[in-house]
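Visitor: Before anything else, here's the structure in question.
The values are calculated or read from the model by the stated rules, or taken from the named source; none is laboratory data. Every value quoted in this text rests on a predicted model; they were computed, and no experiment measured them. So basically every Cβ, Gly included, is an ideal-geometry build from the backbone, and we count neighbours across all protein chains shown.
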Number of protein chains: 2
Amino acid sequence: MARRAAGGGEFALIEALRRRAGEPGPPWSVGIGDDAAVLRPRTGHDLVWTADALVEDVHFRWATSDAASLGAKCLAASLSDLAAMGASPLGCLLSLAVPSDRDPRLPGFWRGLLAAARRSGCPLVGGDTVRAPSWLLSLSALGQVPRGRALRRAGAKPGDRILVTGWLGASALGLALLERGVEGEPGASSFVRRHQRPEPPWQAGARLLRTGHATAAIDVSDGLGQDLGHLLRESGVAADLELERLPLARGALGLCERHGLDPLALAYGGGEDYELLFCVRKTAPEAALFSKRLRCPVAEIGRIRRGRGLQLTRGGRAVAAPSGGFEHFKRP
Amino acid sequence: MARRAAGGGEFALIEALRRRAGEPGPPWSVGIGDDAAVLRPRTGHDLVWTADALVEDVHFRWATSDAASLGAKCLAASLSDLAAMGASPLGCLLSLAVPSDRDPRLPGFWRGLLAAARRSGCPLVGGDTVRAPSWLLSLSALGQVPRGRALRRAGAKPGDRILVTGWLGASALGLALLERGVEGEPGASSFVRRHQRPEPPWQAGARLLRTGHATAAIDVSDGLGQDLGHLLRESGVAADLELERLPLARGALGLCERHGLDPLALAYGGGEDYELLFCVRKTAPEAALFSKRLRCPVAEIGRIRRGRGLQLTRGGRAVAAPSGGFEHFKRP
């Protein structure tokens, strides 16, 4: 680990990173600079483990990303996965592939990643740096959850209510504004930031777990429609989703109108929101109480029922899934 | 995790993999198909965590690799890291970047990886598949080691003896034969196999730990000279290495002579041997006893002393590090 480097400056690069990252401290007894990192697990807890990759020109473009934001973003995807299991982060490993170890974006990238790691209590404890034709980041993260309590995608039952944290479609709106070159418009910057440097509610998962009310959870990373679909399949149930209840961030409607974007299409299909979608029993408290306990906005958006598939309604009437109005990276 | 896929067949791909990989079983309570994998750590043990990446045309070329071997090889690098810490493998996550989810090499790749994972008791418990211009594999592995007992690079003391498992330079010789197109020659196949499908002595690390004699360890993945250098730096010591004691596989000398290769240069500088290099006190048993306990060949190759750096000797005389005679992937 942490040896094969992008070029000649291998040892220097790892040493510099080790100094900047610092010793991770407990529960880590070994961090960067050995063959592997060593963790002392906390008694009575399970470990939760995930990995996510970001590829240049597939998941991000340098035209719409800066290096420091990218560093933060590659951690965000994994923090979001951990939160969706009800886990608290413990640490991360990064495999970084770059064209050259003298790439001028590297210092900014490390700064962004290390700052995000500090903010979220998820220290970088190792990894490796390799040479590749373009940038590719693969980040793996470990978290912990009280034994046997990990939140699953399976577990939703007919009658359960569907809730979601934060706002949906904000990252996709930010990307659409960037792609249109109108990121300087009034009100645009918060959406651009949501796209470039998402801050998943990484503590919300563990807080949700402590309420004891969640029956199933998943993070909204590929888009509400897709991710809710995964949860439904794993739980073997269907759902009704009320499109007008999807939480839109303040200012989204005006920007969408000005640029011919469909805010509900963004909220339903736009990826990288990194919000937490979860189900609770019919008799569980109202969304407002979850908002208080999770310390972030929480909206109720639909209901689980028997069957298969996802039925969307708008004003009480069944409608097809909204589409268009935002851009994803297309296949060539 | 395990969601963003290389193309349209995302869900089908993950489902197929989940069926093929099977449920990992204890200590895993969740494997492929949720937001993250979940592990119940064994009481009294620390967790050891590593990640390694392999990049097309940097770490491997399709001209000299087949997909099934590559699947096995990407696990080998991490198993080797775990062994170097004295750990036993628990499971792995793979981030796989490929140009298309219909790449005809994918089935062979999965077959090779899953077979290697079964053989080594290191099940694939998750990961993700993304689209990228060329193949890139980033594998992360977790292992366990009795609490506080992980073998470190630091720990070697003046007077310690230096030992190594198996044979050195065999993988580099295999690559050289492939590059020369002479892989069909008598005796070549075992070296080609060592290059394409290394089988690190993944149980040797835990067995070495149980002897109680190791003071420091590292795996030989970048080449003996480089890896021993890391161990010396971390331990703050110097070493004398006797080149004629480097263990060469049977048949290596003849092949090297026939093709103008320097066997000692291969053994000293060739990477990807994935053998275990370790130090023991002067008073520890002979190499033969370690060979018996570790159940693999073990050779004594040098001695730790005060100071800095690595002194090579040949026939009792100080010599410069051997170089040339084999090919590494060059920087463009």
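For every residue, the table says whether it meets (1) outside the structural domain of B:Cys296 (by TED's automatic domain parsing); (2) of a type in the set (Gly, Ala, Ser).
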{"site": "B:Leu139", "(1), (2)": "yes, no"}
{"site": "B:Ala156", "(1), (2)": "yes, yes"}
{"site": "B:Gly166", "(1), (2)": "no, yes"}
{"site": "B:Gly169", "(1), (2)": "no, yes"}
{"site": "B:Leu175", "(1), (2)": "no, no"}
{"site": "B:Gly181", "(1), (2)": "no, yes"}
{"site": "B:Gly187", "(1), (2)": "no, yes"}
{"site": "B:Arg193", "(1), (2)": "no, no"}
{"site": "B:Pro198", "(1), (2)": "no, no"}
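Visitor: Report, by residue number, each residue of segment B:244-253 that is surrounded by fewer than 20 Cβ atoms within 10 Å (Cβ to Cβ) and either within 18 Å of B:Leu312 (Cα to Cα) or touching an Asp or Glu at 6+ places or on another chain (Cβ under 6 Å) (or both).
Guide: B:Glu244, B:Arg245, B:Leu248
Visitor: Considering only residues of segment B:38-69 that are in a strand (DSSP E or B) and either of a type in the set (Phe, Trp, Tyr) or more than 7 Å from chain A (Cβ to nearest Cβ) (or both), which is farthest from A:Val55 (Cα to Cα)?
Guide: Within segment B:38-69, the match that is farthest from A:Val55 (Cα to Cα) is B:His45.
Visitor: Condition check: polar (S, T, N, Q), within 14 Å of chain B (Cβ to nearest Cβ) and surrounded by 17 or more Cβ atoms within 10 Å (Cβ to Cβ). Does A:Thr129 satisfy that?
Guide: For A:Thr129, the condition - polar (S, T, N, Q), within 14 Å of chain B (Cβ to nearest Cβ) and surrounded by 17 or more Cβ atoms within 10 Å (Cβ to Cβ) - is met.
Visitor: Identify, by number, the condition in (1) within 11 Å of chain A (Cβ to nearest Cβ); (2) surrounded by fewer than 23 Cβ atoms within 10 Å (Cβ to Cβ); (3) over 29 Å from B:Arg194 (Cα atoms) that B:Asp35 doesn't meet.
Guide: Status for B:Asp35: all satisfied but (2).
Visitor: A further question follows. Which ones in segment B:252-284 are under 20 Å from B:Glu183 (Cβ atoms), aliphatic (A, V, I, L, M) and outside any helix (DSSP H, G or I)?
Guide: B:Leu261
Visitor: When only residues in segment B:132-142 that are at the interface with chain A (Cβ under 8 Å from one of its Cβ atoms) and not in a strand (DSSP E or B) count, which is surrounded by the fewest Cβ atoms within 10 Å (Cβ to Cβ)?
Guide: B:Ser134
Visitor: Look through segment A:1-32, keep the residues that are modelled with pLDDT of 70 or more and at the interface with chain B (Cβ under 10 Å from one of its Cβ atoms), and return whichever of them is farthest from A:Cys92 (Cα to Cα).
Guide: Looking at residues that are modelled with pLDDT of 70 or more and at the interface with chain B (Cβ under 10 Å from one of its Cβ atoms), I get A:Glu15.
Visitor: Right, here's the next one. Scan segment B:84-109 for residues that are surrounded by fewer than 24 Cβ atoms within 10 Å (Cβ to Cβ) and part of a loop (DSSP other than H, G, I, E, B) and jot them down.
Guide: Scanning segment B:84-109 gives B:Pro99, B:Ser100, B:Asp101, B:Arg102, B:Asp103, B:Pro104, B:Arg105.
Visitor: If you don't mind, there's one more thing I want to ask. Only one of (1) at the interface with chain B (Cβ under 9 Å from one of its Cβ atoms); (2) crowded, with 22+ Cβ neighbours inside 10 Å; (3) hydroxyl-bearing (Ser, Thr, Tyr) is not met by A:Ser120, so which one is it?
Guide: (1)
Visitor: Further question: Name, by its number, the condition in (1) within 13 Å of another protein chain (Cβ to nearest Cβ); (2) in a loop (DSSP other than H, G, I, E, B) that does not hold for A:Val145.
Guide: For A:Val145, the failing item is (2).
Visitor: On to the next question. Residue under question is B:Ala72, and the condition is that it be away from chain A (no Cβ under 12 Å) and either over 20 Å from A:Ser140 (Cβ atoms) or not in a loop (DSSP other than H, G, I, E, B) (or both); does it hold?
Guide: Yes, satisfied.
Visitor: Can you tell me which residues in segment A:170-189 are of a type outside the set (A, V, I, L, M) and surrounded by fewer than 24 Cβ atoms within 10 Å (Cβ to Cβ)?
Guide: A:Glu179, A:Arg180, A:Gly181, A:Glu183, A:Gly184, A:Glu185, A:Pro186, A:Gly187, A:Ser189
Visitor: I've got another one for you. Looking at segment A:154-164, which of its residues are surrounded by fewer than 24 Cβ atoms within 10 Å (Cβ to Cβ) and either touching a helix residue (DSSP H, G or I) at 6+ places or on another chain (Cβ under 8 Å) or within 11 Å of another protein chain (Cβ to nearest Cβ) (or both)?
Guide: A:Ala154, A:Gly155, A:Lys157
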